[in-house]
Amino acid sequence: MRIKLGTTRIVLLIGDKAVKIGRLRPLRLLARMLLLPFSWQRRQHFLAKYGPKFAQAMLNDLCAGLYANRNEYAYYKVYRDSRVMPTTEQLCGGWIIIQPRGTPISVNELSEKPSLKQRIGMESCEVDTAAQFCRHPDGRIVLVDYGRRATTEVLFGTLRISV
């Protein structure tokens, strides 16, 4: 078993499965509560990213892992997009999701696939590192980290073009 820590989730790699567990971020929430009142620019960026109302944005930031898990599960359940790693199960109200385990790819492998980057729209959805992709058990390179709403919006927008 391997454990990987992300910004919003913990990923357990167990056998042929990847288990993503949403993280609560209370220290980050506290830091934002202390710093954002003093920086207009940072506050505007925060509200644009997490929600227009301050209280809702704070909750969205605190539970970003939960929302990322739910978003991945819902997107795959509805669209069955072949460009992403399937999300097969959702447990505990979305705090835990399960995907097949892929194998890591290198930066060179990703850069050799410009059509993959263009089809997913990497520049506009913050999908920019090889760690966000992996090789599916069937050999395809797929996006494994697609929990951000901006990412699934780009995926949906380019779905008909790529299928």
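The values are calculated or read from the model by the stated rules, or taken from the named source; none is laboratory data. All values reported here derive from a predicted model rather than from experimental measurement. Positions of Cβ are backbone-derived with ideal geometry, glycine not excepted, and every protein chain shown enters the neighbour counts. The area values use the complete protein model at the heavy-atom level, side chains included, leaving out ligands, DNA and RNA. Shrake-Rupley method; radii C 1.70, N 1.55, O 1.52, S 1.80 Å.
Brief remarks follow.
- Looking across the stretch 83-109, the residues that are among the hydroxyl-bearing types (Ser, Thr, Tyr) and open to solvent by 70 Å² or more (accessible area, probe 1.4 Å) come down to THR88, THR103.
- Qualifying residues in the stretch 44-61 (those that are under 18 Å from ARG25 (Cα atoms) and open to solvent by 40 Å² or more (accessible area, probe 1.4 Å)) - the one modelled with the lowest pLDDT: LYS49
- Which listed residue, of ARG23, ARG9, is basic (Lys, Arg), in contact (Cβ under 8 Å) with a residue 40 or more places away in the chain and open to solvent by less than 30 Å² (accessible area, probe 1.4 Å): ARG9
- Counted residues, the stretch 18-46 - those being assigned to a loop (DSSP other than H, G, I, E, B) and closer than 30 Å to PRO100 by Cα: 3
- Total residues in the stretch 76-109, condition of a type in the set (Lys, Arg) and free of Cβ contacts under 8 Å to residues at least 40 places away in the same chain: 2
- Given (1) at pLDDT 95 or above; (2) touching a helix residue (DSSP H, G or I) at 6+ places or on another chain (Cβ under 6 Å), index of the condition ILE21 fails: (2)
- Some residue of the stretch 77-84 being out of contact with any Ser or Thr (no Cβ under 6 Å at 6 or more places or on another chain), part of a helix (DSSP H, G or I), more than 30 Å from GLY139 (Cβ to Cβ) and not hydroxyl-bearing (Ser, Thr, Tyr): no
- Any hit, the stretch 26-37, residues being at pLDDT below 95, crowded, with 16+ Cβ neighbours inside 10 Å and either among the polar types (S, T, N, Q) or under 15 Å from the mean Cα position of the chain (by Cα) (or both): no
- Among (1) modelled with pLDDT of 95 or more; (2) more than 23 Å from PHE133 (Cβ to Cβ); (3) surrounded by fewer than 11 Cβ atoms within 10 Å (Cβ to Cβ) - the single one GLY15 does not satisfy: (2)
- Of all the numbered requirements in (1) without any contact (Cβ under 8 Å) to a residue 60 or more places away in the chain; (2) surrounded by fewer than 17 Cβ atoms within 10 Å (Cβ to Cβ); (3) under 15 Å from VAL144 (Cβ atoms), TYR73 misses one, and that requirement is (2).
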